[in-house]
């Protein structure tokens, strides 16, 4: 029996060593990810912008995890398709918080979806960083809301400010204007801002009407506007409305002196290539283009990564619109977590109100209501588009920034009839 004893002791020692190693390894294996939850429009009419936003957010997740994550923990995005339906949004955020137990929430794309999520964020006292919401917090005045969109402290007029600044400089100065808008969160908010801009510029508003969000035939609307014969036309629309309006303008043959304004969709490659030469002459808002003056640190590296993933993801092949903003949205949140070493919503919100963030869209500082402290929305004019190929839009000479002065890449061609033929 005594001869077997040493082996038993060795066996006990070996098992003790294995147990010790398991105990040492356990904490590393038990590290739970920081979960960031959101809804995103991956199907439905907002999907073109929602899908490209998601790809950029996934790139941020990969980038931050490659650097070791945040607070020594990996980051995990938890998301659901809201189907472009605001009615789906409240249930998604309730599930994220109650079932998935996410640590933080951010918004999906678009004002309608953000407005639908706001009551949940407020009720749960959660920090809420939004992606392209226009004036959403004007009503709520929620102190833990922050907007990733370059509209500045007066977001409603910002979308069309460039249009009006350019129009009022033309000689002879145009006198009358028509406003048409989708009867939805974005359309109402932005048209209200366009109304303010028109009055400030001294233009007489001779037509101002909304249309139902699910309108299909826009020819009667355009004919009614044509009958009023305004010098200028501003349209505040969502993507499918935008395509309908552009087609109707050409079907009817209406040529005001300048038109465009706040048409969502003309920033996405799918809609640009669909409309092709019909875009020539339109002056519309933009937020970022890969021109030299807007190549902020990291922006072109992100664009390269995005374009490498776009085909497999079935999304916008160029990615000139939403990717930089969706990435910056999470950059701001990540920087705040790293700086405060906290996931507490109140701590993060307090920091975000004070800090200046360095992002792929430049330096970002937030104002009291969570909007950007300074406005930086662009106005651009389409021109020289000859066909429907994607190469037409890789060439930045077909979309020229005409406002503001510090980012200009050319001057407006006016009136519209001249620009369309150019």
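The rows are residues; the columns are (1) in contact with a strand residue (DSSP E or B) (Cβ under 7 Å, 6 or more places away or on another chain); (2) part of a helix (DSSP H, G or I); (3) touching a residue at least 60 places away in the same chain (Cβ under 8 Å).
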position: 250; (1), (2), (3): no, yes, no
position: 254; (1), (2), (3): no, no, no
position: 262; (1), (2), (3): yes, no, yes
position: 266; (1), (2), (3): yes, no, yes
position: 277; (1), (2), (3): no, yes, yes
position: 289; (1), (2), (3): yes, no, yes
position: 307; (1), (2), (3): no, yes, no
position: 325; (1), (2), (3): yes, yes, yes
position: 329; (1), (2), (3): yes, yes, yes
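Residues being at negative phi and out of contact with any strand residue (DSSP E or B) (no Cβ under 8 Å at 6 or more places or on another chain): count how many of those fall in segment 377-421.
Looking only at that region, the number is 18.
Confirm whether residue 89 is under 27 Å from residue 321 (Cβ atoms) and surrounded by fewer than 19 Cβ atoms within 10 Å (Cβ to Cβ).
Working: under 27 Å from residue 321 (Cβ atoms): yes; surrounded by fewer than 19 Cβ atoms within 10 Å (Cβ to Cβ): no.
It is false that residue 89 is under 27 Å from residue 321 (Cβ atoms) and surrounded by fewer than 19 Cβ atoms within 10 Å (Cβ to Cβ).
Looking at segment 176-218, which of its residues are touching a strand residue (DSSP E or B) at 6+ places or on another chain (Cβ under 6 Å), in a loop (DSSP other than H, G, I, E, B) and either buried (at least 21 other Cβ atoms within 10 Å of the Cβ) or touching a residue at least 60 places away in the same chain (Cβ under 8 Å) (or both)?
203
Of the residues 168, 185, 208, 196, which is outside the structural domain of residue 322 (by TED's automatic domain parsing), touching a helix residue (DSSP H, G or I) at 6+ places or on another chain (Cβ under 9 Å) and at pLDDT below 95?
On the way: 168 fails: at pLDDT below 95; 208 fails: at pLDDT below 95; 196 fails: at pLDDT below 95.
Just one listed residue meets the conditions, 185.
Report whether or not residue 235 is crowded, with 19+ Cβ neighbours inside 10 Å, outside any strand (DSSP E or B) and at negative phi. Steps first, please.
Numbers: crowded, with 19+ Cβ neighbours inside 10 Å: yes; outside any strand (DSSP E or B): no; at negative phi: yes.
Against the criterion (crowded, with 19+ Cβ neighbours inside 10 Å, outside any strand (DSSP E or B) and at negative phi), residue 235 does not qualify.
Kindly provide the set of residues from segment 350-359 that are part of a helix (DSSP H, G or I) and either under 30 Å from residue 264 (Cα atoms) or under 14 Å from the mean Cα position of the chain (by Cα) (or both), ordered by number. Give the steps one after another, and end with the answer.
Here is the first cut: in segment 350-359, the residues part of a helix (DSSP H, G or I) are 350-354.
Within segment 350-359, 352, 353 qualify.
Which numbered condition trips up residue 347, out of (1) crowded, with 18+ Cβ neighbours inside 10 Å; (2) modelled with pLDDT of 95 or more; (3) in a helix (DSSP H, G or I)?
(1)
For segment 47-89, how many residues meet the condition of being out of contact with any helix residue (DSSP H, G or I) (no Cβ under 7 Å at 6 or more places or on another chain), in a loop (DSSP other than H, G, I, E, B) and over 18 Å from residue 332 (Cβ atoms)?
So the answer is 4.
The values are calculated or read from the model by the stated rules, or taken from the named source; none is laboratory data. Treat the numbers as computed from the prediction; the structure is a model and nothing was measured. No Cβ is skipped: glycine too gets one built from the backbone with ideal geometry, and neighbour counts run over all protein chains shown.
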